[in-house]
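Shown next, in structure tokens, is the structure this report addresses.
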Amino acid sequence: MAINDATIQDIKNRIDIVDVIGDFVSLKKVGGNYRALSPFTNEKTPSFYVSPSKEIFKCFSTGKGGDAISFVMEVEGINYIEALKYLAQKYGIEIQEEEMTDEQIAAQNERDSLFIVLNFANEYFKDILHNHEEGKSIGLSYFKERGFTESTIDKFDLGYTLDTWDGLLKAATAKGHTEAMLEKAGLILKPEANKVYDRFRGRVVFPIHNVAGKVIAFGARTLRKDKKQPKYINSPETEVYHKSNILYGLFQARKAIRNADTCFLVEGYTDVISMHQAGVENVVSSSGTSLTKEQIQLINRYTRNITVLYDGDSAGIKASFRGIDMILENDLDVRAVVFPEGEDPDSYSRSMSSEVFQQYLEDNAQDFITFKTNILTDGGKQVDPVKKVQIIREVIESISLIPDGIKRSVYIQSCASQLDIEEQVLISELNKILIQKQRKDRQAQNRNELQVETAEPVPTTPPKKEELKHTSYHVERECLRLLVNYGNEAYDDEMSVADFILQETESITFEDEMIEKTFNHAAEIVSRGDKLAPDQFIGPNDPAMSKLVIDLLEMKYFVSEGWEKRHRIGVVHESEDLPEAAYKMVLRLKKKKLEKLIGQTDESLKKPSSEQEQEELIKMYMHLKTLLMEVDAELGTVIPR
């Protein structure tokens, strides 16, 4: 089935691009636009802009841009149909589908099929949990014993899988799902020929969602006390699941993270779920894997503040120091909370009221220096000088990872106070580390440059001066910029700016193929009586055209409100006199085309030809020169029509 055109149009009509993108990044109003740190890179200076009037976004650090639909596609790594379904769900729009043609069915890609079979498995596991005797007596009882309510179980899509070899396999194949797709989704195993069985058997199941809410993988816990069995098993990596890019619970937590402007980071699935029940919803888990740079950047979309929650096990905490260093290295602020020995976020949150638990988190959050020092000194006990030197070096190593110089300075002061050592000594040690790091970076850069220099050079032919002189690309691009930005504005009482530009360039062939294609597309839009709008050019069908138009819809620079009043400097914008701007631009385009034709005619005159051909070429040359003089004169004294 495919989404019908009426539903797609309804979704587009309901979209508020600021609202959509605001679910993923923290936007700040700047003039008529909005600005944020790019969700695609780990930048420190905002280069991501959203224009509500044009309904587009542009990331200047990566060059990515588009409408709300293409943003969801980019940030979630999903296709066009999946993005439409996400937006339909967000705005409560019922999807109207229509039968797909054989060609459309054949075009369904592997990702779509994976999502379908994973969703089937999720529904199957939930059904077993609630409606099968084994599921209710073992799986549901386990969740109830942990204090999980029905609403919590539903919120996290918790399930159970039967203790049989092929329960899911039989149910899925009966519904038409193939063994090949079940294997690609990581739901079954085929260790030998003619031997196939379920990966998850006799376990409670924790579905893992992407940020859009789609199930992409599963974690499963055994309830047996058989030590031969691993306590947890997880889905393997697939086309839709890369564990280093996923945080468990982020789908359920993202709004709470943004509202609280902080994210609690825990280790396990049940830690996340129990904290939700304790009223702390801004929590995610790295799902038992070491924290990755990609996961940190994922949190950075919603907040720059992370609080890591640790079980009361000092040995395990020391092994996790690398995670804190990575957070610092990515320029986020980090704090830590340690639970009493033998406790973890799951057990501790269930041992007290919601209010007391939340107060504990607030009262026990430590900056990373205090936290690290307490752990290394075993709770602040007196240590011998040799160990103290080691502790100081470890803390300074962490501080050196912070990109921001002011932050480093503040933490140096804190370190000096807490460890009772002169600040200047710490600064000196910090500078040594930074210098060594810079030296290593330079050496690595030199090695890379050497590799580039020793690589076989690619032969290139530099453009001739006359070719450079007569190229009209930049003027063509500027002409298109005026068209897409101001095409609907009035040129005079009878025509729009689009009518004028398209009419004056009708006989011109543009050198750049994409500009030519975009002009032709604009002409089609205007000819059928429609208005020119960004969404007429932007979409999944032609990414190259989308990128070109988005680049032309500049939004990064603008005159701030109050500029003229504050500085008494008037700024005249082209939009204040569009007839003159459009007229001049068309003249410049014609001038470039005439110069090119004159150059070509001049080259032809130098070649051997008959007397009659020579006369025709001379006449052509003189005619073109006359036209060029007229255009030059017009550009010198422009009188708008």
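The numbers here are math on the coordinates, done by the rules we state, and not lab data. Everything numeric in this text was worked out from a predicted model, so none of it was measured. Cβ sites come from the backbone with ideal geometry, for glycine too, and all protein chains shown count toward neighbours.
Values computed for the structure shown
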quantity	calculated
Furthest towards positive pole of dipole, GLN614, VAL72, ALA633, structure part the chain, Cβ charges	VAL72
Positive minus negative residues near ASP530 (Lys, Arg vs Asp, Glu; Cβ under 15 Å)	0
Entry for semi-axes √(5λ) of the Cα gyration tensor in Å (calculated from the structure that is shown) out of (i) 57, 36, 25; (ii) 43, 32, 23; (iii) 38, 29, 25	(i)
Charged-residue dipole, Cβ positions (Lys, Arg, Asp, Glu), the stretch 109-241 about Cα centre, Debye nearest 20	520
Dipole axis of the chain (+1 Lys, Arg; -1 Asp, Glu on Cβ), positive-most option in SER604, TYR232, LEU434	LEU434
Alpha-carbon centroids, the stretch 112-143 and the stretch 170-213: separation in whole Å	12
DSSP bridge orientation in the chain - percent antiparallel, rounded to nearest 5	70
The chain - mean residue ellipticity at 222 nm from DSSP helices (-39,500 (n - 2.57) per run, n ≥ 4, rounded to 500)	-16000 deg cm²/dmol
Gap separating the Cα centres of the stretch 601-636 and the stretch 322-347, nearest whole Å	76
Amide proton proximity set for PHE218, modelled H, under 5 Å, gap of 5+	ILE208, SER235
Cross-link reach list, lysines versus LYS432, counting only Cα pairs under 22 Å and skipping chain neighbours closer than eight places	LYS372, LYS387, LYS388, LYS407, LYS440
Principal semi-axes in Å for the stretch 109-241 [√(5λ), Cα gyration tensor, largest first]	23, 18, 14
Cα-based helix-to-principal-axis angle, 611-636 vs the chain, degrees rounded to 10	70
Residue exposure sequence - ASP112, ASP493, ASP378, ASP346 - by fewest surrounding Cβ within 10 Å	ASP493, ASP378, ASP112, ASP346
Over 26 Å (Cα to Cα) - which of LYS214/LYS517; LYS54/LYS596; LYS170/LYS225; LYS155/LYS225; LYS54/LYS293; LYS175/LYS195 fall in this group	LYS214/LYS517; LYS54/LYS596; LYS170/LYS225; LYS155/LYS225; LYS54/LYS293
Among GLY92, SER414, PRO543 the positive-end extreme of the charge dipole of the chain (Cβ point charges)	SER414
Taking LYS64, LYS175 and counting other C-beta atoms within 10 Å, the order from fewest to most	LYS175, LYS64
Charged-residue dipole, Cβ positions (Lys, Arg, Asp, Glu), the chain about Cα centre, Debye nearest 20	2320
Packing-based exposure ordering (other Cβ within 10 Å, fewest first) of ILE406, ILE69	ILE406, ILE69
Estimated vicinal HN-Hα couplings, Hz - the stretch 83-96 in sequence order (Karplus 6.51, -1.76, 1.60; Gly, Pro = x)	5, 4, 5, 4, 5, 4, 5, 4, 9, x, 9, 6, 6, 9
